[in-house]
Ligand code: NAD
């Protein structure tokens, strides 16, 4: 996190503003401040300063300086740091969840399930498996039997991360853990909609690095909006991992094109959930409800379109409505149990309402919910929308709200056609009792992942890469691919034996062209007769040229 005017101060701007009057902040009028609110109550939590582009560049410079020593650490040392981070998270799990809930409006259970647990699992996996994916990997040296070939995975330097608001802690640590383990420093631009918790998370990181004897500048969290994000893209980071909307993903690409900064884009989704006529309906109905209501639907992997076979359409809907009727919504930190919290960004309520209104105007039916909840908090009620068709906006545009949108399909072909019928391709789900049918449908779904008879669970399998195709972006987080994405995948070719005979290409001789051609023919001709004839040509050529 950047400090206001002191390059050596590792404290985040936000925490400095809140807790330490001795830090020389610029007068309030001179910089943009982010007003932070609790989305569940509308209460004003406080203001945090927005980083200026100059401060973003300073943060990158400090991260780069800290990375120098970090790159020299062993994997054992990096594991020690990650173990300490895991320990810290386990020791402070509830306090971290409270910070998340206050900032994002989500429930404590969702914060524990959807943030703390995936982070702990990612740390466990990286500690257990990370090293073997980053060790030099020998590969065949092909024709060059006198050489040894391998791929090495040195760090890139400083990785920039730009986050959305839906998972305040997970969005930060998801890319940061592999980037750090691969030997990089990280500068994270946090979403302006969850800027209040930044100071708490920076405090955690600073504590962990300090406890382990490393520079707290290794991971810096920056508060700010689009301008700070753009400054990070343009600021000379060695790679940029952007998670957010398609529209801003395009802006990031345009900006990164100027500096040729490589980017990973994790963008939106409109994930289909296909429910076949042989599906276990209770299982599918619960998955549809969880897939749409978890985190108030503000999840890139949300089950946004449920495509249900005609033969089981009515019984499936009955089950979904029965589950939805029991779901409780309200302010997450008010004491009573609630299943669904608030919408983090107030404008998101309007976006969801507009999509639901459009669907109803075109023939869909809301069997529960459907209209925003009046009051100070930002709430859209858990909604079940049926008879959704591809003509409606909600079929194509990301809802990012607690809406189970059900579409009737006549068979698997129609389900596949509709499932693949949007520009997005993040994840997908199939419910069927037939393993063969599941595999067949999975093979034809255009998406970065498919889960059969469950929803989004592949995210908890850290050996699996995570990412999308089409409008859902490109590049991969998680797994071997996610770790290696944080490295300079480098080819190394070295001697097998200490033989130092020169390869004399210059000066050449008139026969060089012919002998090169004959060698190629010999190497790549197929079949015995072809190779024998190539060998004959080569032998004759050599004989002629020697005379
Ligand atoms: P957003 O695009 O509005 O903002 C994302 C981040 O980009 C924010 O930090 C924002 O300040 C920053 N930003 C804005 N303009 C920028 C610019 N010109 N240059 C650089 N950065 C800029 O997205 P959001 O509303 O915060 O998040 C919701 C979106 O994120 C949804 O589309 C959702 O599907 C997607 N998402 C995707 C994944 C995934 O892994 N694929 C995960 C979570 C969320």
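Here's the yes/no breakdown for (1) without any contact (Cβ under 8 Å) to a residue 24 or more places away in the chain; (2) more than 18 Å from residue 210 (Cα to Cα):
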| residue | (1), (2) |
| --- | --- |
| 56 | no, yes |
| 62 | no, no |
| 65 | no, no |
| 70 | no, no |
| 73 | no, no |
| 80 | no, no |
| 88 | no, no |
| 97 | yes, yes |
Original post:
What is the number of the single condition among (1) touching a strand residue (DSSP E or B) at 6+ places or on another chain (Cβ under 9 Å); (2) more than 16 Å from the ligand (Cβ to nearest atom) that residue 443 does not meet?
Top reply: (1)
Original post:
Among the residues of segment 347-374 satisfying the criterion of being without any contact (Cβ under 8 Å) to a residue 24 or more places away in the chain and outside any helix (DSSP H, G or I), which is surrounded by the fewest Cβ atoms within 10 Å (Cβ to Cβ)?
Top reply: 374
Original post:
Going through segment 57-102 one residue at a time, which ones are crowded, with 17+ Cβ neighbours inside 10 Å and touching a strand residue (DSSP E or B) at 6+ places or on another chain (Cβ under 6 Å)?
Top reply: 59, 60, 63, 64, 66, 67
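Residue by residue, here is whether (1) farther than 24 Å from residue 391 by Cβ; (2) within 16 Å of the ligand (Cβ to nearest atom) holds:
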residue: 265; (1), (2): yes, yes
residue: 274; (1), (2): no, no
residue: 285; (1), (2): yes, no
residue: 301; (1), (2): yes, yes
Original post:
Taking into account only those residues within segment 384-403 that are outside any helix (DSSP H, G or I) and free of Cβ contacts under 8 Å to residues at least 40 places away in the same chain, which is surrounded by the most Cβ atoms within 10 Å (Cβ to Cβ)?
Top reply: 385
Original post:
Which of (1) surrounded by fewer than 16 Cβ atoms within 10 Å (Cβ to Cβ); (2) touching a residue at least 24 places away in the same chain (Cβ under 8 Å); (3) in a loop (DSSP other than H, G, I, E, B) is the odd one out, the single condition residue 117 does not satisfy?
Top reply: (3)
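Conditions tested, residue by residue: (1) within 16 Å of the ligand (Cβ to nearest atom); (2) touching a helix residue (DSSP H, G or I) at 6+ places or on another chain (Cβ under 6 Å); (3) assigned to a loop (DSSP other than H, G, I, E, B).
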| site | (1), (2), (3) |
| --- | --- |
| 408 | no, yes, no |
| 417 | no, no, no |
| 421 | no, no, yes |
| 449 | yes, yes, yes |
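Return the only residue of 184, 166 being surrounded by 20 or more Cβ atoms within 10 Å (Cβ to Cβ), touching a residue at least 24 places away in the same chain (Cβ under 8 Å) and within 10 Å of the ligand (Cβ to nearest atom).
Going through 184, 166 in turn, just one is surrounded by 20 or more Cβ atoms within 10 Å (Cβ to Cβ), touching a residue at least 24 places away in the same chain (Cβ under 8 Å) and within 10 Å of the ligand (Cβ to nearest atom): 166.
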Original post:
Could you say whether any residue in segment 93-104 is at positive phi and modelled with pLDDT of 95 or more?
Top reply: no
**OP:** Inspect all residues belonging to segment 72-79 and state whether any of them is more than 26 Å from the chain's Cα centre (by Cα) and part of a strand (DSSP E or B).
**Re:** no
Original post:
Which one of these does residue 462 not meet: (1) touching a strand residue (DSSP E or B) at 6+ places or on another chain (Cβ under 9 Å); (2) surrounded by 18 or more Cβ atoms within 10 Å (Cβ to Cβ); (3) closer than 23 Å to residue 125 by Cβ?
Top reply: (1)
Subject >> Residue in segment 239-262 that is farthest from the chain's Cα centre (by Cα), counting only those that are more than 9 Å from the ligand (Cβ to nearest atom) and part of a loop (DSSP other than H, G, I, E, B) >> reply: 260
**OP:** Sort out which residues of segment 220-238 are within 16 Å of the ligand (Cβ to nearest atom) and either part of a strand (DSSP E or B) or surrounded by fewer than 22 Cβ atoms within 10 Å (Cβ to Cβ) (or both), and write them in order of number.
**Re:** 220, 221, 222, 225, 226, 227, 230, 234, 236
Original post:
If you check residue 213 against the conditions, is it in contact with a strand residue (DSSP E or B) (Cβ under 8 Å, 6 or more places away or on another chain) and either within 14 Å of the ligand (Cβ to nearest atom) or closer than 30 Å to residue 88 by Cβ (or both)?
Top reply: no
**OP:** Restricting attention to segment 337-356, report how many residues are farther than 15 Å from residue 41 by Cβ, more than 13 Å from the ligand (Cβ to nearest atom) and touching a strand residue (DSSP E or B) at 6+ places or on another chain (Cβ under 9 Å).
**Re:** 4
Original post:
Is segment 312-332 home to any residue that is modelled with pLDDT under 95, in contact with a helix residue (DSSP H, G or I) (Cβ under 9 Å, 6 or more places away or on another chain) and surrounded by 19 or more Cβ atoms within 10 Å (Cβ to Cβ)?
Top reply: yes
Subject >> Verdict on residue 279 being farther than 14 Å from residue 412 by Cα and either outside any helix (DSSP H, G or I) or more than 16 Å from the ligand (Cβ to nearest atom) (or both) >> reply: no
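The values are calculated or read from the model by the stated rules, or taken from the named source; none is laboratory data. Note that the structure is a prediction, hence the values are computed from the model and not measured. Note that each Cβ is placed from the backbone with ideal geometry, even for glycine, and that neighbours are counted across all protein chains shown.
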